[in-house]
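The values are calculated or read from the model by the stated rules, or taken from the named source; none is laboratory data. Just so we're clear, the structure is a prediction, and the values are computed from it rather than from any experiment. We place every Cβ from the backbone using ideal geometry, glycine too, and count neighbours over all the protein chains shown. Keep in mind that these areas ignore ligands, DNA and RNA; they rest on the heavy atoms of the full protein, side chains included. Shrake-Rupley method; radii C 1.70, N 1.55, O 1.52, S 1.80 Å.
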Amino acid sequence: MAARWNNLAAHTNAAISESELALEIPDNDSAGVAQVLDFGRVGMRVEHATLEVSIEHPSRGELAVTLVSPSGFESRLAEPH
């Protein structure tokens, strides 16, 4: 059975930037810190994301960074070591 092919719209770039958030990263708290960036407001389907972060913490090796898609897919960007 042949599947019907749906072409995507033309390639488009969009950027969402958040700066000077100054969020405290709590110690000994498994809930951690979450920051939501909503690409829904740009009105397009997102197929690729690039994340740039700058984190200052006295114990960088204890930090984990996870990018979570709207569908719930998790991409681990940094793990404690």
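Listing for the model above:
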item: Net +/- balance of residues flanking GLU56 in space, Cβ distance below 15 Å, scoring K and R +1, D and E -1; result: -4
item: Long-range amide H partners of LEU63 with built H, under 5 Å; result: HIS81
item: Net lengthening on full extension, ALA49/ARG4 (0.36 nm per residue, minus Cα-Cα); result: 13.5 nm
item: Taking the chain and dividing mean pair separation by its residue count, relative contact order in percent (alpha carbons under 8 Å, at least six apart); result: 17 percent
item: Mean Cβ neighbour count within 10 Å, used as a protection proxy, ranking 57-70, 20-33 highest first; result: 57-70, 20-33
item: Accessible surface of region 13-81 [probe 1.4 Å, protein heavy atoms]: carbon and sulfur percent; result: 47 percent
item: Overall Cα dimensions of the chain - principal axes, largest extent first, Å; result: 54, 32, 17
item: Per residue solvent-accessible surface (Å²) - the chain, probe of 1.4 Å; result: 99 Å²
